[in-house]
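Every number here is computed from the coordinates shown, using simple stated rules; none is lab data. Since the model is a prediction, treat every value here as computed from it, not as a measurement. Counting neighbours? That spans all protein chains shown, and the Cβs are built from the backbone with ideal geometry, glycine included.
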Amino acid sequence: MPRVSTPRTDVIAELGEQLRFTSKRVLLRHLDRIDELAAQVDPEALYPEDFVVFRVTGYRPELGEARLVPGEALRGDLSSLAERLSESAGLTEDDLDGPVETIASLTERWGVSRRTLERYRRLGLIARRVDLGLGRRALVFARAGVERFETIHADRLEKAGGFTRFDDREMDRQWRAAERYRRRMGWSLNRIAQRLAARTGRSAEGIRRSLLRRDRQRIAGDHALFPEPGPPTARDRLLAVRASRRGIEPALLAKRSGRRKSAAVRALNDGRADLLRSLDLDYASQGEVETSGMPDAEPVRTGLVIHGGGDLGALLDQMRERTAPVSFEERSRSIAYRVLVRRAAERIAELPASTVSGAELDTIETTLRWASMLKALLVRSQLRLALETLEARLGGGLETLPPARASVLALAVIDAACEGVDRFHPARGGRLAAPVSLALQRWASHVPDVAAAVVPGKATRMTPTGYAVRDWTRSVALWQAWLEPDPRLGGVLDRLDDHERSLLTRRFGLDGSPPETLDAIARSMDKRAVHLARGERRAIRHALRAARDA
């Protein structure tokens, strides 16, 4: 997942922080104003703080002495501000108004590298941060803003990548040539694009897209010039991953998409690789950690399954439990967690751009599943500290608030504790409570004092029961959004046969032991991993069917 850019000027950084809690509808208006402002900033001018706030929000604050922001710095920070506001708004693809470009499409469109594109953002190319689901984020650029940027920086783009657009005459020539190759030689779209790219000096992908777009505009259905499906899109790959989690066979995916089974499997593996790369794990930040006690220490390999409570009352009871963390367990699990994340990050960085091995992906995914189980245990040891920090800020018990508000705050303070766990470096010494406490205090500083006062003799709210809340243990790490098994599986294992029950238990560590890869299970059972993969999908389908029938 791409990191959120950090503004370099205090004015923009403070403005982004102040607007974090604004409603989504208002933030969308702010984003549109940022697009307009970026195209109008003069890098040689100076802009007062109140002017900047007014252009972004429509509100002019009363400032005693307004700070001045250099135009070049302002222009460079507007994309970072837009990115932070879109993250605060929880921007999704449904919220996008009009066509957009992605990082991949812009690098192709302009013939530049990703690093060059990052520099262009400092020149006023505004990015929005979009939630794609399953914990994924992506940067997109409004087409209108991209075209304004092209107009303003045409000379720079031409020098950087030889950027020129397809004009109608050139497009007509390419289309006529494509028709001849298709009808006389029966060539595929990709082969035609490669031939035309060699003849014209254009990129094959750019030509392929323009031909496909012309074909879709010209005629549809069985009479299209290129009726065969093109390469799977990012959406196709994501749908394949979702289908796999439900145990759907690749052969069925191939039939529905009009592709061969091998192509469907490649799309699935590419989708899994895309999701792993979107995590953007920085293994260098994991630091050098001792590996003594990892991974053979008992706290790292047993008792790994915990549950976050089914309702608000159970969650608060769990958070109030007095369980003093054991130093040896805390250190062993912290070291193991960081080692596992580092291993996964190194393997992700080495993944090839295409034809990714399913076995390699399974190894990485299994490593991350184990890491998230350890992280949940570390967070659980800090739940009481999290609740005490929150209630100290509220000025009273969490149960005095309405259940809806109490559940939001309870889950949010657990998320803050997760951040503290990620900041803990066991090799530096100390205990986990120190970085967790700092993260909790930082988060709590933004929470208002809203607890209801307890009046002697007056009835107060009881600890709420029956108010459903999500299981926090399934959201301590981003990758859990697509690597965790369906939560219903654990409750229907007794309705499966012995083989299916054992397979799912070992795959996902449902008995509290570390999860295992298909290769490891296959070796222990003297079977082929491909046969076990088919059995796993069948077991998932049977389990989900049993859960629906229950």
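For the chain, dividing the convex hull volume of the Cα atoms by the residue count gives 203 Å³ per residue.
So if I average 1/r over every pair of distinct C-alpha atoms in segment 234-278 and take the inverse, what Kirkwood radius in Å does that give? List each step's numbers first, then the result.
Working: mean 1/r = 0.0990 Å⁻¹.
The answer is 10.1 Å.
Segment 301-358 and segment 490-550 have Cα centres spaced 21 Å apart.
Extension gain, GLU350-GLU170: 0.36 nm per intervening residue step, less the Cα-Cα distance, totals 60.8 nm. The calculated P(r) of segment 318-372, using every Cα pair and 10 Å bins from 0, goes 21, 37, 23, 13, 6, 0 in percent.
Each stretch of four or more DSSP H residues adds -39500 (n - 2.57); spread over every residue of the chain, this sum gives -18000 deg cm²/dmol at 222 nm.
Which FRET efficiency value, to the nearest 0.05, is calculated for GLU388 and ARG184 with the Förster distance at 56 angstrom and r the Cβ-Cβ distance?
Working: r = 78 Å, r/R0 = 1.39.
Efficiency computed from Cβ-Cβ geometry: 0.10.
In this simple spin-label model, placing a label point 7 Å from the Cα along the Cα-to-Cβ direction at both SER327 and GLN217 gives a separation of 7.1 nm. Summing Lys, Arg as +1 and Asp, Glu as -1, what charge do residues with Cβ under 13 Å from the Cβ of VAL100 carry, VAL100 excluded? Combined, the nearby Lys, Arg, Asp and Glu give -3. Straight-distance candidates among the aspartates and glutamates for linking to LYS375, with alpha-carbon spacing under 13 Å and chain neighbours fewer than 8 residues away dropped: GLU329, GLU330, ASP415, GLU419, ASP422. In percent, how large is the relative contact order of the chain, given Cα pairs closer than 8 Å and 6 or more residues apart? Computed over the chain, the figure is 12 percent.
The label point for ALA104 and the one for ALA144, both projected 7 Å from the Cα toward the Cβ, are 2.7 nm apart. For segment 168-219, place one equal point scatterer on every Cα, skip the solvent, and apply the Debye formula. What is log10 of I(q)/I(0) at q = 0.17, 0.23, 0.24, 0.32 Å⁻¹? Evaluating at q = 0.17, 0.23, 0.24, 0.32 Å⁻¹ gives log10 I(q)/I(0) of -0.43, -0.82, -0.89, -1.47. Residue by residue, segment 102-111 carries 3J(HN,Hα) couplings of 9, 4, 5, 5, 6, 4, 6, 5, 9, x Hz when phi is fed to the Karplus relation 6.51 cos²θ - 1.76 cosθ + 1.60 (θ = phi - 60°); x denotes Gly or Pro.
Please work out how much length the chain gains when fully extended from ASP311 to ARG114, using 0.36 nm per residue of separation minus the C-alpha to C-alpha distance, in nm with one decimal. Could the numbers behind the result be given before it?
Values: separation 197, 0.36 × 197 = 70.92 nm, distance 4.54 nm.
66.4 nm is the gain from fully extending ASP311 to ARG114.
Scattering from segment 301-484 was approximated by placing one identical point on each alpha carbon and applying the Debye formula without solvent; log10 I(q)/I(0) at 0.18, 0.19, 0.20 1/Å stands at -1.18, -1.27, -1.36. P(r) tail for segment 1-98: Cα pairs beyond 16 Å make up 53% of the total. Per the Kirkwood formula applied to alpha carbons, segment 393-451 shows a radius of gyration over Rh ratio, Rg over Rh, of 1.07. Within segment 79-113, find all residues whose amide N lies under 15 Å from a label point positioned 7 Å from the Cα of THR22 along Cα-to-beta-carbon. Answer for this model: 79-91. Take the Cα of VAL447, go 7 Å toward its beta carbon, and the backbone nitrogen atoms of segment 310-331 under 16 Å from that spot belong to 312-313, 315-321. For ALA550 and GLU36, a Förster radius of 51 Å and the Cβ-Cβ distance give a FRET efficiency of 0.40, rounded to the nearest 0.05. Based on the Stokes-Einstein relation at 20 °C and a viscosity of 1.002 mPa s, and on the Kirkwood radius from alpha carbon pairs, segment 10-161 is assigned a translational diffusion coefficient of 135 µm²/s. Straight-line cross-link reach from LYS261 at under 19 Å between alpha-carbon atoms covers these aspartates and glutamates, not counting any fewer than eight positions away in the same chain: GLU228, ASP236, GLU249, ASP270, GLU536.
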